[in-house]
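J.: Take a look at this one; I'll ask things after.
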Amino acid sequence: MMVDIQGLTKKYGSFTALDNLNLTLDEGVVFGFVGANGAGKSTTFSILATLLSPTSGDAFINGKSVVKEPKEVRKLIGYMPDFFGVYDQLKADEYLDFYGASYGLSHAERQVLIPQLLELVNLSHKRYEYVDLLSRGMKQRLCLARSLIHDPKVLILDEPASGLDPRARVEMRDILKHLKSMGKTILISSHILPELAEMCDEIGVIDNGKLIAHGNVATIQQQLQGDKRIIVKVIDQIEKARRFFEEDPLISSIELLEDSNSLAFNYRGSTEDQVQLLRKALLADIPVYALREEEKDLEDVFMAITKGADIV
Amino acid sequence: MMERFSNPVLMKELKLRFRAFKSFSGLMFYLAVLCIFVAGFLLIYTQFSGTGFFKPSDSFMMFSILSVLQMGLVMFITPGLTAGAISTEREKQTLNILLTTTQSSTQIIIGKLLSSVVFLILMLVAGLPLYSLVFLFGGVSPSQFITIFLFYLVTLIAIGSIGIMFSTITKKTIVSMIATYGAMIFLAGITAFFFFIGVSMEQMSAQPGNMQNVTPFSPITYFWVSINPGALIITTLYPEMASALESVVGISLPIWIVYLIFYILITAICLFIATRKLRANMKTNR
């Protein structure tokens with residue numbers, strides 16, 4: 001496995017920022033880290049990036065301990081923090097050259113790599129521009145190129161799309177997809193949850209320092225199936241419909257929607273049970289013209305999980 | 001081969017420093033002060049007519065005052081160059097990225113220090129044409145000149161190290177700046193004050209009958225004067241003053257040796273602390 005986090009805990013006095021986090025990721029996996037502000041995402045990433053020592057536990061990148069072998073770990077990771085600055089008086093290629101040298105690459109190696117990386121992040125035309133004159137999206141892409149200069153096996157990207165306009169976000173997503181195709185193991189946190197769903201092989205949901213769900217998006221959605229939300233639309237007789245559905249033992253939390261011809265309820269039954277329910281409703285002369293399951297995207301998954309239920 | 005010894009932080013800092021306008025304005029200010037002093041001195045001694053004599057002893061006097069002035073300028077400028085070395089990176093949010101590279105803490109700290117030292121050496125070298133006037137009129141030996149420059153180097157490295165240390169252990173550049181200037185004022189001013197207080201107290205506590213004699217003063221008073229950069233310059237230029245001080249205190253340890261030991265120790269301690277504290281959030285400092 002490429003990333004192995006074992007019982008990672010970080011405390012600041014009495015406050016626990018990270019509580020016994022366990023996580024393993026295989027090589028080439030794109031892992032999306034989801035959580036509210038202050039949930040512990042950046043703390044986890046800071047520990048993995050060897051910027052912060054855990055209070056207890058350890059994490060291993062390709063078998064190297066972030067606590068005991070930080071210098072070895074730094075060779076394996078490319079880190080992009082959520083907030084970062086640039087050196088005002090450096091040009092884009094000099095910026096990459098400096099970091100290349102900082103990772104011990106020779107001048108010849110850097111001269112070959114820099115144009116390739118600028119090409120990768122679509123910044124070839126800005127090679128000789130001062131970094132502080134670039135737009136925010138360009139700076140983000142340049143920082144991503146910087147994190148790739150030593151060809152790391154693992155990329156740790158903390159909110160790489162934050163503050164970007166939609167076009168810049170799409171460009172960033174395309175670059176990340178390309179990196180995924182290159183076989184990099186990518187850990188990425190984002191507030192833009194649907195974007196993660198599209199890109200990630202696995203997601204982890206963290207809340208109050210605890211990893212409360214981990215798996216692929218479909219798996220986590222399955223964990224929520226017991227609480228699937230059904231919406232029923234009727235032509236009229238909404239009160240009759242309401243009484244009918246209230247009698248079903250698999251239904252709970254029934255509510256009338258604003259359009260006054262629709263009902264929503266939580267349903268614990270299977271898909272077959274759902275078919276039976278519709279048949280019974282029609283036989284009972286309930287004028288149902290639509291019955292559908294409310295789609296849950298990653299945002300809903302996150303909201304449902306962080307409500308307080310310990311699903312995992 | 002050269003690449004093995006190159007320091008990326010040093011190269012980057014030099015590039016940034018020499019592209020910044022404030023570096024050139026600082027250099028201009030420094031040379032302007034020296035020019036005004038030298039021109040003023042020459043004009044006063046030649047009575048504003050250009051026809052007066054300028055003796056070698058006058059030239060030595062000019063060299064002495066110029067040396068103290070230059071030491072003052074070096075001490076004034078060094079904190080400004082070093083006290084923001086790390087804290088500015090922290091404030092600009094570039095430090096975290098730098099710390100995730102494979103450069104060691106020592107490499108980063110040394111790179112930061114050397115870039116400031118190199119710039120200060122450039123300042124000293126830029127001032128050499130003004131010093132050449134001293135040689136034009138004679139009165140100063142090259143060895144004295146070299147000795148003074150070596151002491152400048154030791155002093156600026158030590159104050160630079162203090163600046164780097166405060167810059168590493170404090171979060172804000174302004175705090176680091178105040179602390180470094182405070183340390184500089186202590187070394188340049190408070191030590192002199194302590195020396196005079198010590199001498200006065202020992203004079204007062206001396207027997208009234210022995211007032212005619214030279215009152216010996218304690219090693220601690222000697223220590224205060226030994227670590228004062230101004231006192232070092234004066235005793236280097238006027239060795240008889242150093243001998244007098246040594247004979248009074250009864251310690252045959254020259255002031256310049258105490259000075260060197262103290263400032264080398266300060267440099268070592270400050271750089272050690274800075275290196276240890278750079279990755280303060282990591283238990284291991286690698």
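The values are calculated or read from the model by the stated rules, or taken from the named source; none is laboratory data. This one's a predicted model, so the numbers in the text were calculated from it and none came from an experiment. Ideal geometry is used to build each Cβ from the backbone, glycine not excepted, and the neighbour counts take in all protein chains shown.
J.: Quick check on the stretch A:66-77. Is at least one of its residues within 7 Å of chain B (Cβ to nearest Cβ) and under 13 Å from residue A:143 (Cα atoms)?
T.: The answer is no, given that none of the residues of the stretch A:66-77 is within 7 Å of chain B (Cβ to nearest Cβ) and under 13 Å from residue A:143 (Cα atoms).
J.: Filter the stretch A:14-54 down to residues that are within 14 Å of chain B (Cβ to nearest Cβ) and on the phi > 0 side of the Ramachandran plot, then give me how many there are.
T.: Looking only at that region, the number is 1.
J.: I'm told residue B:285 meets every condition in (1) under 27 Å from residue B:97 (Cα atoms); (2) surrounded by 15 or more Cβ atoms within 10 Å (Cβ to Cβ); (3) polar (S, T, N, Q); (4) modelled with pLDDT under 90 except one. Can you identify the failing condition by its number?
T.: For residue B:285, the exception is condition (2).
J.: Another one. Within the stretch B:59-81, can one find any residue that is under 26 Å from residue A:82 (Cβ atoms) and either facing chain A (nearest Cβ under 10 Å) or surrounded by fewer than 21 Cβ atoms within 10 Å (Cβ to Cβ) (or both)? Give the derivation first.
T.: As a first pass, look at the stretch B:59-81 and keep what is under 26 Å from residue A:82 (Cβ atoms): none.
No - not one qualifying residue is present in the stretch B:59-81.
J.: Looking at the stretch A:78-117 only, could you name the residues that are touching a strand residue (DSSP E or B) at 6+ places or on another chain (Cβ under 9 Å), under 23 Å from residue A:64 (Cβ atoms) and facing chain B (nearest Cβ under 7 Å)?
T.: Hits for the stretch A:78-117 are A:79, A:81.
J.: Please count how many residues of the stretch A:214-234 are over 16 Å from residue A:275 (Cα atoms) and at pLDDT 90 or above.
T.: Going through the stretch A:214-234 one residue at a time, the tally reaches 1.
J.: I'd like to check which helices (runs of 4 or more DSSP H) are fully inside the stretch B:217-258 and have at least 2 residues that are within 20 Å of the chain's Cα centre (by Cα) and at pLDDT 85 or above. Show your work before the answer.
T.: Details: elements: B:219-226, B:229-237, B:239-249.
In the stretch B:217-258, the matching helices (runs of 4 or more DSSP H) lie at B:219-226, B:229-237.
J.: For residues that are touching a residue at least 40 places away in the same chain (Cβ under 8 Å), within 10 Å of chain A (Cβ to nearest Cβ) and in a helix (DSSP H, G or I), tally how many sit in the stretch B:89-109.
T.: Total meeting the criteria: 6.
J.: Let me ask another. Polar (S, T, N, Q) and assigned to a helix (DSSP H, G or I) - does that describe any residue in the stretch B:43-61? Lay out the reasoning, then the answer.
T.: Step one: of the stretch B:43-61, the residues polar (S, T, N, Q) are B:46-47, B:49, B:51, B:57, B:59.
Among the residues that remain, those that are also assigned to a helix (DSSP H, G or I) are: B:57, B:59.
The answer is yes; a qualifying residue exists.
J.: I'd like the residue in the stretch A:133-182 that is β-branched (Val, Ile, Thr) and either out of contact with any Gly (no Cβ under 8 Å at 6 or more places or on another chain) or away from chain B (no Cβ under 13 Å) (or both) and, out of all such residues, is farthest from residue A:98 (Cα to Cα).
T.: Taking the stretch A:133-182 as the starting set, the residues that turn out to be β-branched (Val, Ile, Thr) are A:149, A:154, A:156, A:170, A:175.
Within this subset, residues satisfying the condition of being either out of contact with any Gly (no Cβ under 8 Å at 6 or more places or on another chain) or away from chain B (no Cβ under 13 Å) (or both) are A:170, A:175.
Numbers: A:170: 28, A:175: 22 Å.
Once the filter is applied, the top-ranked residue is A:170.
J.: Out of curiosity, is residue A:56 among the polar types (S, T, N, Q), under 18 Å from residue A:146 (Cα atoms) and in contact with a Ser or Thr (Cβ under 9 Å, 6 or more places away or on another chain)?
T.: Working: among the polar types (S, T, N, Q): yes; under 18 Å from residue A:146 (Cα atoms): no; in contact with a Ser or Thr (Cβ under 9 Å, 6 or more places away or on another chain): yes.
No, not satisfied.
J.: If you go through the stretch B:177-194 one residue at a time, do you hit one that is surrounded by fewer than 19 Cβ atoms within 10 Å (Cβ to Cβ) and farther than 30 Å from residue B:218 by Cα?
T.: yes
J.: Does residue A:100 qualify as being surrounded by 19 or more Cβ atoms within 10 Å (Cβ to Cβ) and assigned to a loop (DSSP other than H, G, I, E, B)?
T.: Details: surrounded by 19 or more Cβ atoms within 10 Å (Cβ to Cβ): yes; assigned to a loop (DSSP other than H, G, I, E, B): no.
Against the criterion (surrounded by 19 or more Cβ atoms within 10 Å (Cβ to Cβ) and assigned to a loop (DSSP other than H, G, I, E, B)), residue A:100 does not qualify.
J.: Can you tell me which of (1) within 14 Å of chain B (Cβ to nearest Cβ); (2) free of Cβ contacts under 8 Å to residues at least 12 places away in the same chain; (3) within 26 Å of residue A:208 (Cβ to Cβ) is the one residue A:57 doesn't meet?
T.: Here residue A:57 clears every test but (2).
J.: Could you pull out the residue among A:38, A:78 that is among the small types (Gly, Ala, Ser), surrounded by 18 or more Cβ atoms within 10 Å (Cβ to Cβ) and in the same structural domain as residue A:159 (by TED's automatic domain parsing)? Talk me through it step by step, then tell me what you get.
T.: Numbers: A:38 fails: surrounded by 18 or more Cβ atoms within 10 Å (Cβ to Cβ).
Exactly one of A:38, A:78 is among the small types (Gly, Ala, Ser), surrounded by 18 or more Cβ atoms within 10 Å (Cβ to Cβ) and in the same structural domain as residue A:159 (by TED's automatic domain parsing), namely A:78.
J.: Considering only the stretch A:266-290, state which residues are farther than 14 Å from residue A:234 by Cα and either touching a residue at least 40 places away in the same chain (Cβ under 8 Å) or assigned to a strand (DSSP E or B) (or both).
T.: A:266, A:267, A:268, A:274
J.: So, one more: Inside the stretch A:121-143, can you point out the residues that are surrounded by 18 or more Cβ atoms within 10 Å (Cβ to Cβ) and of a type in the set (D, E, K, R)?
T.: A:126, A:139, A:141, listed by residue number.
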